[in-house]
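A.B. asks: Attaching a single structure in C-alpha coordinates format; questions to follow.
The values are calculated or read from the model by the stated rules, or taken from the named source; none is laboratory data. Since the model is a prediction, treat every value here as computed from it, not as a measurement. Virtual Cβ from ideal backbone geometry, glycine too; neighbours counted across all protein chains shown. Side chains included, ligands, DNA and RNA excluded: accessible areas come from the protein's heavy atoms. Shrake-Rupley method; radii C 1.70, N 1.55, O 1.52, S 1.80 Å.
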Amino acid sequence: MPSNKSVSDAPITQFINCRILKDHKLQREDLWVREGRILNPEKLFFDEQGYADKHVDCKGSIIAPGFIDVQINGGYGIDFSLVSEDISGGVSVVAKKILEHGVTSFCPTLVTSPAAVYHKVLPQVKVHNGGQHGAGVLGFHLEGPFISAEKKGAHPEQYLRTFQSGGVQDLMEVYGSLDNVTMVTLAPELANSQSVVRELCQRGITVSLGHSVANLSQAEEAVQHGASFITHLFNAMLPFHHRDPGIVGLLTSDQVPAGRTVYYGMIADGIHTNPAALRIAHRAHPSGLVLVTDAITAMGLPPGRHTLGQQVIEIQGLHAHVAGTKTLSGSIATMDMCVRHFKQASGCSVEEALEAASLHPAQLLGISHNKGKLDYGCDADLVLLDDALNVKATFISGEEVWRKEP
(Lines give C-alpha, C1' and ligand atoms only; values in the text may rest on other atoms or scores of the structure.)
Protein backbone atom coordinates (compact mmCIF):
# COMPACT_ATOMS: atom_id res chain seq x y z
CA MET A 1 0.00 0.00 0.00
CA PRO A 2 1.29 3.50 -0.64
CA SER A 3 2.89 4.62 2.58
CA ASN A 4 3.45 7.81 0.60
CA LYS A 5 1.23 10.87 0.83
CA SER A 6 -1.13 9.59 -1.86
CA VAL A 7 -4.77 10.67 -1.41
CA SER A 8 -5.94 7.06 -1.76
CA ASP A 9 -4.77 3.83 -0.17
CA ALA A 10 -5.72 1.88 -3.28
CA PRO A 11 -2.72 0.25 -4.98
CA ILE A 12 -1.30 1.87 -8.10
CA THR A 13 -0.22 -0.18 -11.13
CA GLN A 14 2.30 1.17 -13.63
CA PHE A 15 2.47 -0.40 -17.11
CA ILE A 16 6.01 0.03 -18.46
CA ASN A 17 7.81 -0.69 -21.77
CA CYS A 18 4.72 -0.05 -23.85
CA ARG A 19 3.36 2.12 -26.65
CA ILE A 20 -0.06 3.44 -25.74
CA LEU A 21 -2.74 4.57 -28.19
CA LYS A 22 -3.51 8.12 -27.16
CA ASP A 23 -4.71 11.13 -29.18
CA HIS A 24 -4.81 8.95 -32.32
CA LYS A 25 -1.10 8.07 -32.08
CA LEU A 26 0.97 5.29 -30.55
CA GLN A 27 3.10 7.00 -27.90
CA ARG A 28 6.00 5.61 -25.88
CA GLU A 29 4.89 6.33 -22.34
CA ASP A 30 3.89 4.47 -19.21
CA LEU A 31 0.28 3.97 -18.18
CA TRP A 32 -0.78 4.39 -14.54
CA VAL A 33 -3.93 2.83 -13.08
CA ARG A 34 -5.66 3.17 -9.72
CA GLU A 35 -9.15 1.95 -8.69
CA GLY A 36 -9.87 0.75 -12.20
CA ARG A 37 -9.18 4.09 -13.89
CA ILE A 38 -6.30 5.67 -15.76
CA LEU A 39 -4.34 8.04 -13.58
CA ASN A 40 -2.57 11.29 -14.44
CA PRO A 41 1.01 10.63 -13.26
CA GLU A 42 1.83 14.34 -12.93
CA LYS A 43 -0.89 14.75 -10.32
CA LEU A 44 0.32 11.60 -8.62
CA PHE A 45 3.95 12.78 -8.44
CA PHE A 46 3.51 16.48 -7.74
CA ASP A 47 0.22 16.74 -5.83
CA GLU A 48 0.30 13.43 -3.98
CA GLN A 49 4.02 12.51 -3.95
CA GLY A 50 2.81 9.00 -4.78
CA TYR A 51 4.42 6.10 -6.61
CA ALA A 52 3.48 2.74 -8.14
CA ASP A 53 2.96 -0.34 -5.98
CA LYS A 54 3.11 -2.77 -8.87
CA HIS A 55 4.79 -2.77 -12.28
CA VAL A 56 3.58 -4.62 -15.38
CA ASP A 57 6.37 -5.01 -17.94
CA CYS A 58 4.68 -4.97 -21.35
CA LYS A 59 7.91 -5.91 -23.17
CA GLY A 60 7.35 -3.49 -26.03
CA SER A 61 3.66 -4.30 -26.56
CA ILE A 62 1.03 -1.92 -27.87
CA ILE A 63 -1.65 -0.98 -25.32
CA ALA A 64 -5.01 -0.07 -26.89
CA PRO A 65 -8.39 0.55 -25.30
CA GLY A 66 -10.33 -2.71 -24.93
CA PHE A 67 -12.36 -3.66 -28.00
CA ILE A 68 -16.13 -3.07 -28.03
CA ASP A 69 -18.39 -5.33 -30.15
CA VAL A 70 -21.83 -3.78 -30.75
CA GLN A 71 -23.12 -6.68 -32.87
CA ILE A 72 -22.55 -10.23 -31.70
CA ASN A 73 -25.29 -12.87 -31.90
CA GLY A 74 -23.53 -15.49 -29.81
CA GLY A 75 -20.60 -17.89 -30.12
CA TYR A 76 -19.09 -21.08 -28.68
CA GLY A 77 -22.39 -22.94 -29.09
CA ILE A 78 -24.45 -20.16 -27.44
CA ASP A 79 -27.19 -18.38 -29.40
CA PHE A 80 -28.50 -15.25 -27.65
CA SER A 81 -31.76 -15.47 -29.65
CA LEU A 82 -32.71 -18.90 -28.31
CA VAL A 83 -34.58 -19.30 -25.05
CA SER A 84 -32.67 -21.65 -22.73
CA GLU A 85 -32.81 -22.66 -19.08
CA ASP A 86 -29.92 -20.33 -18.25
CA ILE A 87 -29.87 -17.33 -20.58
CA SER A 88 -27.56 -15.17 -18.47
CA GLY A 89 -25.24 -18.17 -18.09
CA GLY A 90 -25.01 -18.41 -21.88
CA VAL A 91 -24.16 -14.72 -22.17
CA SER A 92 -21.51 -15.25 -19.47
CA VAL A 93 -19.89 -18.10 -21.44
CA VAL A 94 -19.45 -15.83 -24.48
CA ALA A 95 -18.38 -12.89 -22.29
CA LYS A 96 -15.57 -15.00 -20.81
CA LYS A 97 -14.38 -16.47 -24.12
CA ILE A 98 -14.21 -13.16 -26.04
CA LEU A 99 -11.65 -11.80 -23.55
CA GLU A 100 -8.97 -13.68 -25.48
CA HIS A 101 -9.92 -11.65 -28.57
CA GLY A 102 -9.41 -8.33 -26.75
CA VAL A 103 -13.13 -7.60 -26.30
CA THR A 104 -13.85 -5.93 -22.94
CA SER A 105 -17.46 -4.80 -23.58
CA PHE A 106 -20.20 -5.96 -25.94
CA CYS A 107 -23.86 -5.71 -26.93
CA PRO A 108 -25.47 -9.17 -27.07
CA THR A 109 -27.52 -9.05 -30.28
CA LEU A 110 -30.90 -10.67 -30.86
CA VAL A 111 -32.01 -11.35 -34.43
CA THR A 112 -35.69 -11.24 -35.46
CA SER A 113 -37.58 -13.53 -33.08
CA PRO A 114 -41.13 -14.19 -31.85
CA ALA A 115 -42.31 -11.77 -29.14
CA ALA A 116 -42.13 -14.57 -26.54
CA VAL A 117 -38.36 -14.79 -27.03
CA TYR A 118 -37.80 -11.08 -26.28
CA HIS A 119 -40.11 -11.29 -23.26
CA LYS A 120 -38.08 -14.19 -21.84
CA VAL A 121 -34.55 -13.15 -22.79
CA LEU A 122 -34.44 -9.37 -22.24
CA PRO A 123 -35.26 -9.35 -18.47
CA GLN A 124 -32.56 -11.93 -17.74
CA VAL A 125 -29.45 -10.03 -18.82
CA LYS A 126 -28.65 -6.74 -17.09
CA VAL A 127 -26.12 -4.10 -18.10
CA HIS A 128 -23.00 -4.76 -16.01
CA ASN A 129 -19.28 -4.08 -15.91
CA GLY A 130 -16.73 -6.61 -17.01
CA GLY A 131 -14.15 -8.31 -14.80
CA GLN A 132 -12.57 -11.71 -14.20
CA HIS A 133 -15.97 -13.23 -15.06
CA GLY A 134 -15.84 -11.80 -18.60
CA ALA A 135 -16.43 -8.78 -20.84
CA GLY A 136 -18.98 -6.20 -19.68
CA VAL A 137 -22.51 -6.09 -21.12
CA LEU A 138 -23.42 -2.65 -22.48
CA GLY A 139 -27.03 -3.62 -23.22
CA PHE A 140 -28.84 -5.52 -25.96
CA HIS A 141 -28.74 -4.73 -29.66
CA LEU A 142 -32.16 -5.72 -31.07
CA GLU A 143 -31.72 -6.34 -34.80
CA GLY A 144 -35.33 -6.67 -36.02
CA PRO A 145 -38.14 -7.58 -36.26
CA PHE A 146 -39.05 -4.13 -37.71
CA ILE A 147 -37.11 -4.68 -40.94
CA SER A 148 -37.74 -5.18 -44.67
CA ALA A 149 -38.90 -8.59 -45.91
CA GLU A 150 -36.96 -7.95 -49.16
CA LYS A 151 -33.71 -7.55 -47.24
CA LYS A 152 -34.34 -9.95 -44.39
CA GLY A 153 -31.06 -11.82 -44.95
CA ALA A 154 -31.01 -14.70 -42.47
CA HIS A 155 -33.95 -13.31 -40.44
CA PRO A 156 -37.08 -15.54 -40.45
CA GLU A 157 -39.81 -13.83 -42.49
CA GLN A 158 -42.73 -15.13 -40.43
CA TYR A 159 -41.64 -13.05 -37.42
CA LEU A 160 -41.04 -9.73 -39.22
CA ARG A 161 -43.23 -6.85 -37.99
CA THR A 162 -44.38 -3.43 -39.17
CA PHE A 163 -45.39 -0.43 -37.05
CA GLN A 164 -49.16 -0.89 -36.95
CA SER A 165 -50.29 1.32 -34.12
CA GLY A 166 -48.03 4.28 -34.75
CA GLY A 167 -44.84 2.95 -33.34
CA VAL A 168 -43.85 2.79 -29.71
CA GLN A 169 -46.79 0.58 -28.75
CA ASP A 170 -45.57 -1.97 -31.32
CA LEU A 171 -42.09 -1.90 -29.78
CA MET A 172 -43.50 -2.58 -26.33
CA GLU A 173 -45.76 -5.37 -27.58
CA VAL A 174 -42.86 -7.14 -29.26
CA TYR A 175 -39.98 -6.41 -26.87
CA GLY A 176 -41.96 -6.21 -23.61
CA SER A 177 -39.56 -3.62 -22.21
CA LEU A 178 -36.70 -1.39 -23.35
CA ASP A 179 -34.73 -1.76 -20.11
CA ASN A 180 -31.20 -3.00 -20.83
CA VAL A 181 -31.63 -2.20 -24.57
CA THR A 182 -28.82 -0.10 -26.04
CA MET A 183 -29.48 -0.28 -29.79
CA VAL A 184 -32.32 -1.12 -32.19
CA THR A 185 -31.85 -1.84 -35.91
CA LEU A 186 -34.89 -0.97 -38.03
CA ALA A 187 -35.81 -0.21 -41.65
CA PRO A 188 -36.55 3.53 -41.98
CA GLU A 189 -38.89 3.07 -44.97
CA LEU A 190 -41.50 1.32 -42.77
CA ALA A 191 -44.59 3.50 -42.21
CA ASN A 192 -44.53 5.31 -38.82
CA SER A 193 -40.83 4.53 -38.33
CA GLN A 194 -39.77 8.17 -37.87
CA SER A 195 -41.78 8.62 -34.64
CA VAL A 196 -40.18 5.39 -33.37
CA VAL A 197 -36.69 6.70 -34.21
CA ARG A 198 -37.42 9.90 -32.28
CA GLU A 199 -38.85 8.08 -29.27
CA LEU A 200 -35.96 5.60 -29.04
CA CYS A 201 -33.38 8.39 -29.29
CA GLN A 202 -35.17 10.36 -26.56
CA ARG A 203 -34.79 7.30 -24.34
CA GLY A 204 -31.04 7.22 -25.01
CA ILE A 205 -31.23 4.15 -27.27
CA THR A 206 -29.05 4.19 -30.39
CA VAL A 207 -31.03 3.71 -33.61
CA SER A 208 -29.39 1.88 -36.48
CA LEU A 209 -30.62 1.58 -40.06
CA GLY A 210 -30.37 -1.82 -41.72
CA HIS A 211 -32.07 -4.78 -43.39
CA SER A 212 -33.73 -2.14 -45.50
CA VAL A 213 -34.64 -1.01 -49.03
CA ALA A 214 -34.65 2.67 -47.98
CA ASN A 215 -33.63 5.32 -50.48
CA LEU A 216 -31.19 8.03 -49.45
CA SER A 217 -33.83 10.62 -48.51
CA GLN A 218 -35.62 8.13 -46.23
CA ALA A 219 -32.28 7.33 -44.59
CA GLU A 220 -31.44 11.05 -44.22
CA GLU A 221 -34.82 11.73 -42.63
CA ALA A 222 -34.15 8.98 -40.06
CA VAL A 223 -30.75 10.53 -39.28
CA GLN A 224 -32.39 13.95 -38.85
CA HIS A 225 -34.70 12.31 -36.29
CA GLY A 226 -31.67 10.89 -34.43
CA ALA A 227 -30.56 7.63 -36.11
CA SER A 228 -26.76 7.39 -35.91
CA PHE A 229 -25.62 3.96 -37.11
CA ILE A 230 -25.83 1.71 -40.17
CA THR A 231 -26.00 -2.03 -39.48
CA HIS A 232 -23.32 -3.99 -41.42
CA LEU A 233 -22.86 -1.53 -44.32
CA PHE A 234 -23.49 -2.96 -47.83
CA ASN A 235 -25.08 -6.12 -46.42
CA ALA A 236 -28.91 -6.39 -46.44
CA MET A 237 -29.51 -3.02 -48.13
CA LEU A 238 -29.91 -1.72 -51.67
CA PRO A 239 -26.62 -1.72 -53.54
CA PHE A 240 -25.06 1.68 -54.22
CA HIS A 241 -26.59 3.30 -57.30
CA HIS A 242 -25.28 6.62 -58.60
CA ARG A 243 -28.76 8.18 -58.97
CA ASP A 244 -29.97 7.00 -55.57
CA PRO A 245 -27.14 5.73 -53.39
CA GLY A 246 -29.56 4.44 -50.71
CA ILE A 247 -28.37 4.03 -47.13
CA VAL A 248 -24.75 3.79 -48.37
CA GLY A 249 -25.07 7.45 -49.44
CA LEU A 250 -25.19 8.52 -45.78
CA LEU A 251 -21.38 8.20 -45.71
CA THR A 252 -21.04 11.36 -47.79
CA SER A 253 -24.48 12.98 -47.31
CA ASP A 254 -24.66 16.77 -46.82
CA GLN A 255 -27.97 16.36 -44.97
CA VAL A 256 -26.43 15.01 -41.76
CA PRO A 257 -27.02 17.68 -39.07
CA ALA A 258 -23.96 19.75 -38.11
CA GLY A 259 -21.86 18.22 -35.35
CA ARG A 260 -23.35 14.75 -35.84
CA THR A 261 -21.54 11.68 -37.15
CA VAL A 262 -23.19 8.72 -38.85
CA TYR A 263 -21.29 5.58 -37.86
CA TYR A 264 -21.45 2.34 -39.82
CA GLY A 265 -20.76 -1.27 -38.90
CA MET A 266 -18.34 -3.21 -41.04
CA ILE A 267 -17.93 -7.00 -40.93
CA ALA A 268 -14.27 -7.18 -41.94
CA ASP A 269 -14.08 -10.97 -42.18
CA GLY A 270 -13.00 -11.10 -45.84
CA ILE A 271 -16.36 -12.68 -46.79
CA HIS A 272 -19.20 -10.23 -46.08
CA THR A 273 -17.52 -7.28 -47.74
CA ASN A 274 -15.13 -7.30 -50.67
CA PRO A 275 -11.87 -5.51 -49.75
CA ALA A 276 -12.47 -2.91 -52.50
CA ALA A 277 -15.88 -2.04 -50.97
CA LEU A 278 -14.29 -1.84 -47.53
CA ARG A 279 -11.66 0.55 -48.90
CA ILE A 280 -14.30 2.75 -50.57
CA ALA A 281 -16.21 3.07 -47.29
CA HIS A 282 -13.10 3.73 -45.23
CA ARG A 283 -11.72 6.37 -47.60
CA ALA A 284 -15.10 8.08 -47.88
CA HIS A 285 -15.77 8.26 -44.12
CA PRO A 286 -12.90 6.93 -41.96
CA SER A 287 -14.10 8.44 -38.67
CA GLY A 288 -17.42 6.55 -38.83
CA LEU A 289 -16.13 3.02 -39.36
CA VAL A 290 -17.03 0.60 -36.53
CA LEU A 291 -15.76 -2.96 -36.73
CA VAL A 292 -18.37 -5.54 -35.72
CA THR A 293 -18.04 -9.32 -35.73
CA ASP A 294 -21.75 -10.13 -36.29
CA ALA A 295 -20.58 -13.45 -34.84
CA ILE A 296 -23.00 -16.36 -34.52
CA THR A 297 -23.22 -19.50 -32.37
CA ALA A 298 -20.60 -21.21 -34.51
CA MET A 299 -17.79 -18.78 -33.72
CA GLY A 300 -15.21 -20.98 -32.02
CA LEU A 301 -16.96 -24.22 -33.10
CA PRO A 302 -16.04 -26.80 -35.76
CA PRO A 303 -17.70 -26.90 -39.22
CA GLY A 304 -21.22 -28.35 -39.46
CA ARG A 305 -24.80 -27.30 -38.69
CA HIS A 306 -25.66 -24.85 -35.91
CA THR A 307 -28.57 -22.57 -35.00
CA LEU A 308 -29.09 -18.81 -35.39
CA GLY A 309 -32.33 -17.86 -33.66
CA GLN A 310 -35.06 -19.76 -35.49
CA GLN A 311 -32.84 -20.85 -38.44
CA VAL A 312 -30.34 -23.65 -39.12
CA ILE A 313 -26.92 -22.45 -40.28
CA GLU A 314 -24.25 -24.41 -42.11
CA ILE A 315 -20.55 -23.67 -41.54
CA GLN A 316 -17.87 -24.41 -44.13
CA GLY A 317 -14.50 -22.83 -43.47
CA LEU A 318 -15.14 -19.16 -42.67
CA HIS A 319 -18.50 -19.19 -44.50
CA ALA A 320 -21.80 -19.36 -42.60
CA HIS A 321 -24.96 -19.82 -44.71
CA VAL A 322 -28.63 -20.49 -43.97
CA ALA A 323 -28.69 -24.27 -44.51
CA GLY A 324 -29.52 -25.20 -48.11
CA THR A 325 -29.18 -21.60 -49.41
CA LYS A 326 -26.50 -19.11 -50.43
CA THR A 327 -27.69 -16.52 -47.85
CA LEU A 328 -24.87 -15.38 -45.54
CA SER A 329 -25.90 -15.42 -41.91
CA GLY A 330 -23.51 -13.67 -39.61
CA SER A 331 -19.84 -14.47 -39.35
CA ILE A 332 -17.58 -16.72 -37.33
CA ALA A 333 -14.82 -14.14 -37.22
CA THR A 334 -13.43 -12.83 -33.94
CA MET A 335 -12.83 -9.13 -33.25
CA ASP A 336 -9.02 -9.35 -33.30
CA MET A 337 -9.26 -11.17 -36.65
CA CYS A 338 -11.45 -8.33 -38.00
CA VAL A 339 -8.96 -5.70 -36.78
CA ARG A 340 -6.08 -7.48 -38.54
CA HIS A 341 -8.09 -8.04 -41.75
CA PHE A 342 -9.30 -4.44 -41.80
CA LYS A 343 -5.74 -3.12 -41.51
CA GLN A 344 -4.44 -5.45 -44.20
CA ALA A 345 -7.37 -4.90 -46.61
CA SER A 346 -7.66 -1.13 -46.20
CA GLY A 347 -4.00 -0.23 -45.84
CA CYS A 348 -4.95 1.94 -42.85
CA SER A 349 -2.60 2.69 -39.97
CA VAL A 350 -2.36 0.52 -36.84
CA GLU A 351 -3.97 3.39 -34.93
CA GLU A 352 -6.98 3.56 -37.27
CA ALA A 353 -7.51 -0.21 -37.14
CA LEU A 354 -7.49 -0.18 -33.33
CA GLU A 355 -9.77 2.87 -33.04
CA ALA A 356 -12.34 1.24 -35.34
CA ALA A 357 -12.76 -1.45 -32.66
CA SER A 358 -12.57 0.83 -29.61
CA LEU A 359 -12.95 4.61 -29.94
CA HIS A 360 -15.59 4.59 -32.70
CA PRO A 361 -18.00 2.13 -31.07
CA ALA A 362 -17.64 4.04 -27.78
CA GLN A 363 -18.44 7.31 -29.54
CA LEU A 364 -21.40 5.68 -31.28
CA LEU A 365 -22.87 4.56 -27.94
CA GLY A 366 -22.08 7.87 -26.22
CA ILE A 367 -19.70 6.28 -23.68
CA SER A 368 -16.35 7.66 -24.92
CA HIS A 369 -15.91 9.65 -21.69
CA ASN A 370 -15.30 6.27 -19.99
CA LYS A 371 -14.42 3.73 -22.67
CA GLY A 372 -12.66 3.54 -26.03
CA LYS A 373 -9.87 5.92 -24.98
CA LEU A 374 -6.83 5.87 -22.69
CA ASP A 375 -7.32 9.42 -21.41
CA TYR A 376 -6.88 10.24 -17.71
CA GLY A 377 -10.00 9.25 -15.78
CA CYS A 378 -11.16 6.65 -18.35
CA ASP A 379 -11.83 3.03 -17.41
CA ALA A 380 -8.62 0.98 -17.57
CA ASP A 381 -10.04 -1.56 -20.04
CA LEU A 382 -6.95 -2.48 -22.03
CA VAL A 383 -5.74 -4.87 -24.68
CA LEU A 384 -2.02 -5.64 -25.08
CA LEU A 385 -1.02 -6.54 -28.64
CA ASP A 386 2.11 -7.36 -30.60
CA ASP A 387 3.02 -5.46 -33.77
CA ALA A 388 1.02 -7.90 -35.92
CA LEU A 389 -2.03 -7.04 -33.74
CA ASN A 390 -2.26 -10.44 -32.07
CA VAL A 391 -3.74 -10.17 -28.58
CA LYS A 392 -1.24 -10.91 -25.78
CA ALA A 393 -3.32 -9.97 -22.73
CA THR A 394 -6.59 -8.30 -21.78
CA PHE A 395 -7.27 -6.12 -18.72
CA ILE A 396 -10.56 -4.81 -17.34
CA SER A 397 -10.49 -1.99 -14.78
CA GLY A 398 -6.71 -2.46 -14.67
CA GLU A 399 -6.93 -6.14 -13.64
CA GLU A 400 -5.57 -8.87 -15.90
CA VAL A 401 -8.48 -11.03 -17.10
CA TRP A 402 -6.75 -13.04 -19.83
CA ARG A 403 -3.17 -13.71 -20.96
CA LYS A 404 -1.88 -15.76 -23.86
CA GLU A 405 -0.02 -18.87 -22.75
CA PRO A 406 3.74 -18.32 -23.26
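A.B. asks: Report the chymotrypsin sites (Phe, Trp or Tyr not before Pro) located in the range 164-247 that are in a DSSP loop and have at most 11 other Cβ atoms inside 10 Å of their Cβ, or state none.
C.D. replies: none
A.B. asks: Sticking with this one: Would you mind pulling out the separation of the Cα centroids of the range 285-304 and the range 320-368, in Å?
C.D. replies: 6
A.B. asks: Using only the Cα atoms of the range 66-365, build the gyration tensor, take square roots of its eigenvalues as a ≥ b ≥ c, and label the shape rounded, prolate or oblate: rounded if a/c is under 1.5, else prolate if a/b is larger than b/c, else oblate.
C.D. replies: Because its axes are fairly even, with a/c under 1.5, the range 66-365 counts as rounded.
A.B. asks: From the phi of every residue in the range 195-206, what ³J(HN,Hα) in whole Hz does the Karplus formula 6.51 cos²θ - 1.76 cosθ + 1.60 yield, where θ is phi - 60° and glycine or proline is x?
C.D. replies: 5, 5, 4, 4, 5, 4, 5, 5, 8, x, 9, 6
A.B. asks: Here's something else I'd like to know. For residue 119, what accessible surface area do you get with a 1.4 Å probe? Give it in Å², rounded to 10.
C.D. replies: Residue 119 exposes around 90 Å² with every protein chain in place.
A.B. asks: What residues qualify as long-range amide H neighbours of residue 185, i.e. H under 5 Å apart, gap of 5 or more or another chain, H built at 1.01 Å from N?
C.D. replies: For residue 185, the qualifying residues are 142, 143, 144, 208.
A.B. asks: Let me ask something else. Which pairs in the list 326/392; 371/404; 120/373; 25/126; 152/343; 22/59 are over 28 Å apart, alpha-carbon to alpha-carbon?
C.D. replies: The answer is 326/392; 120/373; 25/126; 152/343.
A.B. asks: While we're here: Can you check what the net charge comes to around residue 293, using other residues whose Cβ is under 14 Å from the Cβ of residue 293 (Lys, Arg +1; Asp, Glu -1)?
C.D. replies: Computed value for this residue: -4.
A.B. asks: Right, here's the next one. Which whole-number percent is the relative contact order of the range 66-365 (Cα, under 8 Å, 6+ apart)?
C.D. replies: After rounding, I find 19 percent.
A.B. asks: Another question about this same structure. To the nearest 20 debye, what is the magnitude of the charge dipole of the range 66-365 about its Cα centre, counting +1 on the Cβ of each Lys and Arg and -1 on the Cβ of each Asp and Glu?
C.D. replies: The dipole of the range 66-365 has a size of about 240 debye.
A.B. asks: Lone cysteines in the chain, going by a 4.7 Å Cβ-Cβ cut-off?
C.D. replies: Singleton cysteines: 107, 201, 338, 348, 378.
A.B. asks: Taking every DSSP beta bridge that has both residues in the chain, what percent is antiparallel when rounded to the nearest 5?
C.D. replies: Roughly 55 percent of the beta bridges in the chain run antiparallel, per DSSP.
A.B. asks: Here is a follow-up. Based on DSSP, what percent of beta bridges with both residues in the range 208-336 are antiparallel, to the nearest 5?
C.D. replies: 55
A.B. asks: What accessible area per residue comes out for the chain, rounded to a whole number of Å², with a 1.4 Å probe?
C.D. replies: Counting only protein heavy atoms, the per-residue value for the chain is 40 Å².
A.B. asks: To the nearest 10 degrees, how steeply does helix 335-346 sit against the main Cα axis of the chain, on a 0 to 90 scale?
C.D. replies: 80
A.B. asks: A follow-up question, please. Given H placed on each backbone N at 1.01 Å, which residues far from residue 307 in sequence or on other chains put an amide H within less than 5 Å of it?
C.D. replies: 313
A.B. asks: Round to the nearest 10 and give me the degree value, 0 to 90, for the angle of helix 87-97's Cα axis relative to the longest principal axis of the chain.
C.D. replies: 50
A.B. asks: Using a 1.4 angstrom probe with every protein chain in place, what is the largest-first accessible-area order of 351, 35?
C.D. replies: 35, 351
A.B. asks: Sticking with this one: Taking R0 as 60 Å, what FRET efficiency do you get between residue 201 and residue 404 from their Cβ-Cβ distance, rounded to the nearest 0.05?
C.D. replies: E between residue 201 and residue 404, to the nearest 0.05, is 0.90.
A.B. asks: Let me ask another. If you take every DSSP beta bridge fully contained in the range 256-403, what fraction is antiparallel? Give it as a percent rounded to 5.
C.D. replies: 80
A.B. asks: Using a 1.4 angstrom probe on heavy atoms only, work out the carbon and sulfur share of the accessible area of the chain in %.
C.D. replies: Here carbon and sulfur together make up 50 percent of the probe-accessible area.
A.B. asks: What are the trypsin sites (Lys or Arg not before Pro) within the range 106-161 that DSSP puts in a loop, where the Cβ has at most 15 other Cβ atoms within 10 Å?
C.D. replies: Answer in residue order: 126.
A.B. asks: I would also like to ask the following. Using the charge dipole of the chain (Lys, Arg: +1 at Cβ; Asp, Glu: -1 at Cβ; taken about the Cα centre), state which of 284, 133, 395 has its Cα farthest towards the positive end.
C.D. replies: 284
A.B. asks: 5 Å is the cut-off here: which amide hydrogens, built 1.01 Å from N in the peptide plane, fall below it relative to residue 56, excluding neighbours closer than 5 in sequence?
C.D. replies: 14, 15, 16
A.B. asks: Compute the length gained on full extension between residue 191 and residue 83: take 0.36 nm times their separation in residues and subtract their Cα-Cα distance, giving the result in nm to one decimal.
C.D. replies: Going from the current span to full extension adds 35.9 nm.
A.B. asks: What are the ³J(HN,Hα) couplings of the range 272-279, residue after residue, when phi is run through the Karplus curve with 6.51, -1.76, 1.60 and θ = phi - 60°? Round to Hz, x for glycine and proline.
C.D. replies: Rounded to whole hertz, the list is 6, 9, 4, x, 5, 5, 4, 5.
A.B. asks: I'd like the Karplus ³J(HN,Hα) series for the range 233-239: coefficients 6.51, -1.76, 1.60, θ = phi - 60°, whole numbers in Hz, and an x wherever there's a Gly or Pro.
C.D. replies: 2, 6, 8, 6, 8, 5, x
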